[in-house]
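What follows is a short report on a single structure.
The values are calculated or read from the model by the stated rules, or taken from the named source; none is laboratory data. Predicted model only: the values in this text are computed from it and were never measured. FYI the Cβ positions are ideal-geometry reconstructions off the backbone, even for glycines, and counts take in every protein chain you see.
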Amino acid sequence: MSGYTQASGKQDYETPWWFYNWADQRWGPFTLDAAASAENAKVKDHFFTQEQDSLVQEWSGKVWCNPPYGRMTGPFVQKARKQTEQGYAQRVALLVHPKTDTIWWHDHVPFAKEVACIKGRIKFVNGGESPRDQHVIIIFEEYYHGPPILTFFDVKEIKGDAK
């Protein structure tokens, strides 16, 4: 992610490079990091900061987005869907918690191309101890209107730690 924070608590959990590199090989190469800071941008030459407000910018190409968690996740998911449906972005990959009981999940995820379920926990760069929640990557694809396919990945295999 992002250097974004919200009043409700820490929201700026930086994606570890090993995880980003795996996602970039699978769904990239990414040309935009839609929620970043200068210190943690994964696409160093094209990213939006909190001050630039990604939600009012046009996204293009193949977009990586680890959005702020909490109440800001829904607006980023909605933006990803709209940008791909309207043909601005070719693909958007969002790393989020699978909050299947939320309005944003039901309003937007059924129109995704893929929901990649991640087994195990991702330890974020500045996230302290082991994360408490699961993650998925929601993939929105240009002009695709669902339903999504489900894919399954294991953090140990992604990291190369599988035994």
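Before we move on, is Thr73 surrounded by 19 or more Cβ atoms within 10 Å (Cβ to Cβ), of a type in the set (Ser, Thr, Tyr), touching a helix residue (DSSP H, G or I) at 6+ places or on another chain (Cβ under 9 Å) and more than 15 Å from Leu32 (Cα to Cα)? In short, yes. Kindly establish whether Lys79 is buried (at least 23 other Cβ atoms within 10 Å of the Cβ) and among the charged types (D, E, K, R). For Lys79, the condition - buried (at least 23 other Cβ atoms within 10 Å of the Cβ) and among the charged types (D, E, K, R) - is met.
Of the residues in region 22-32, at least one is exposed (fewer than 15 other Cβ atoms within 10 Å of the Cβ), in contact with a Lys or Arg (Cβ under 8 Å, 6 or more places away or on another chain), over 24 Å from Lys123 (Cβ atoms) and modelled with pLDDT of 95 or more. Could you tell me whether region 98-116 includes any residue that is closer than 20 Å to Thr15 by Cβ, touching a Leu at 6+ places or on another chain (Cβ under 7 Å) and surrounded by fewer than 16 Cβ atoms within 10 Å (Cβ to Cβ)? There is no residue in region 98-116 that is closer than 20 Å to Thr15 by Cβ, touching a Leu at 6+ places or on another chain (Cβ under 7 Å) and surrounded by fewer than 16 Cβ atoms within 10 Å (Cβ to Cβ). Look at (1) of a type in the set (D, E, K, R); (2) over 19 Å from Arg81 (Cα atoms); (3) buried (at least 20 other Cβ atoms within 10 Å of the Cβ) and you find that Asp45 fails only one, number (3).
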